[in-house]
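These notes concern the structure reproduced below.
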Amino acid sequence: FFFQAEDGIRDHCVTGVQTCALPIYPLGRVRNLVEDHLQQNAETCNVRTIVVRHGDLYGPGVNDPIVAPMFRAALAGTAIPWPVSGGNAHAFTFVDDVATVAVGLLFAANRPVWDVVAVAGESFLTGDDWAGALGKAVGRTVSTRSVPAWWIRLQALWNRDARALAEVLYQWEGPLLLDDTRTRRVLPDWAPVPVDEALARTFAWYRGAP
């Protein structure tokens, strides 16, 4: 398995699983290079390889440097940090959904040796929509605060988490959406965990996490 967030995609709005242009950031270039090697090995050596694309991951045990501060801020009753602009649509994917799809594909019949699928997760039209979902889960009003791109890039000079965000900042500078229609056709019995349940389980983990 190769779990690939959309770091390798330069186009903001994603349909299906294909990358339409080369990435301009080092992290995206490295991941695309790894994917190219995996595809070559899969097809040359007939080794079954599954690539699962997804939005920003959240869930129990996921301590993502971009998404984790949003959950911690919501629990603390402060505004959640949203990179660049809260007006851009963005996809968030529950980690259990990615795992379920990966295992389902592993046992699916008549699949190609090189298999690339997407798990769309929940797409929120604005940062305020995401904040509203978080607020509903914690039982209080949650707002957003936009973090300017220049400030993120400045912090990236000395802060590792800011550097990781700066590498994928283009994902937040426009809408980032995924289409998992093909995945649902392959796994017709699969249904994503409802977002209310997914967020409740995630916040339960953060409450107990160090």
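The values are calculated or read from the model by the stated rules, or taken from the named source; none is laboratory data. What you see is a predicted model, and the numbers here were worked out from it, not measured in a lab. All Cβ positions, even for glycine, are placed from backbone atoms using ideal geometry, and neighbour counts span all protein chains on display. Quick note on the areas: whole protein, heavy atoms, side chains included, nothing else; ligands and nucleic acids left out. Shrake-Rupley method; radii C 1.70, N 1.55, O 1.52, S 1.80 Å.
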Inset, instruction - Quick one: dipole size for the chain, taken about the Cα centre, charges +1 on Lys/Arg Cβ and -1 on Asp/Glu Cβ, in debye to the nearest 20. - result: 380 debye
Inset, instruction - Quick one: compute the contact order of the chain, relative version, from alpha carbon pairs under 8 angstrom and 6+ residues apart, as a percent. - result: 30 percent
Legend entry - Computed over the range 158-210, Kirkwood Rh from alpha-carbon pairs, angstrom: 14.8 Å
Inset, instruction - Return one number: the angle in degrees, 0 to 90 and rounded to the nearest 10, between the long axis of the Cα atoms of helix 26-45 and the longest principal axis of the Cα atoms of the chain. - result: 20 degrees
Inset, instruction - Sticking to Cα atoms, compute the Rg of the chain to one decimal and its Dmax as the biggest Cα-Cα distance, whole number, in Å. - result: 17.4, 54
Legend entry - Within the chain, percent of DSSP bridges classed antiparallel, to nearest 5: 15 percent
Inset, instruction - With a 1.4 Å probe and every protein chain left in place, tell me how much accessible area L33 has, in Å² to the nearest 10. - result: 100 Å²
Legend entry - Spatial extent of the range 105-166: Rg and Dmax, with the Cα atoms as the point set, Å: 18.7, 49
Inset, instruction - Report the charge-dipole magnitude of the range 98-210 in Debye, nearest 20, computed about the Cα centre from +1 at each Lys and Arg Cβ and -1 at each Asp and Glu Cβ. - result: 280 debye
Legend entry - Of all accessible heavy-atom area on the range 32-166, the percent that carbon and sulfur account for (1.4 Å): 55 percent
Inset, instruction - Express the accessible area of the chain per residue in Å², computed with a 1.4 Å probe while the remaining protein chains stay in the model. - result: 49 Å²
Inset, instruction - For V51, list long-range residues whose amide hydrogen, built 1.01 Å from N in the peptide plane, is under 5 Å from its own amide hydrogen. - result: F2, D115, V116, V117
